[in-house]
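Input: a single structure, listed below in structure tokens.
Every number here is computed from the coordinates shown, using simple stated rules; none is lab data. From a predicted model like this one, the values you see are computed outputs, not experimental measurements. For neighbour counting, all protein chains shown are included, and Cβ atoms are generated from backbone atoms with ideal geometry for every residue, glycine included.
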Amino acid sequence: MKILAVDDEKDMQSLFEQRFRKEIRSKMVEFAFASSGEEALEYLNVHTHEAVLILSDINMPGMSGLELLKFIKQKYHTPPPIVMMITAYGDADNYNQAIELGADDFLTKPIDFDLLKKKLKLANYA
């Protein structure tokens with residue numbers, strides 16, 4: 001499973017690599033990382049349909065995660081990637097807007113990696 005993680009926080013890449021070490025080593029999961037919405041779109045334009053799942057922060061400088069979500073859902077139809085939104089703010093406005101724009105799921109920070117693995121059907125490997 002190829003996952004594109006989009007977050008402007010620099011430590012997120014090492015955190016994901018640490019928490020998914022076993023899954024990465026066993027080749028169950030492969031990560032690509034982008035630090036902005038714009039960088040994520042550049043990645044998606046070059047690696048069309050590689051990312052099966054996109055985990056995107058909502059609050060980022062430049063293009064927000066919600067703007068990225070809207071663009072992804074409009075442009076990438078076949079097959080449509082699963083998009084999970086991640087935010088430090090679990091407020092109803094962000095949640096409702098993300099769902100309206102087509103988000104498949106919504107997680108709050110700090111990320112519960114056990115819950116994320118369950119959602120990704122990797123719970124047996126946690």
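Descriptive notes on the structure:
- The charge dipole of region 2-119, taken about the Cα centre with unit charges on the Cβ atoms of Lys, Arg (+1) and Asp, Glu (-1), comes to about 580 debye, rounded to the nearest 20.
- Computed from the C-beta positions of Arg25 and Asn45, the FRET efficiency with R₀ = 22 Å rounds to 0.15.
- Set of lysines near Lys75 by C-alpha distance (under 29 Å), chain-local residues within fewer than 8 positions excluded: Lys2, Lys10, Lys27, Lys109, Lys117, Lys118, Lys119, Lys121
- Scaled against the 2.2 N^0.38 Å expected of a compact globular protein of N residues, the Cα radius of gyration of region 2-119 reads 0.98.
- Share, in percent, of DSSP beta bridges within region 2-119 that are antiparallel, nearest 5: 0
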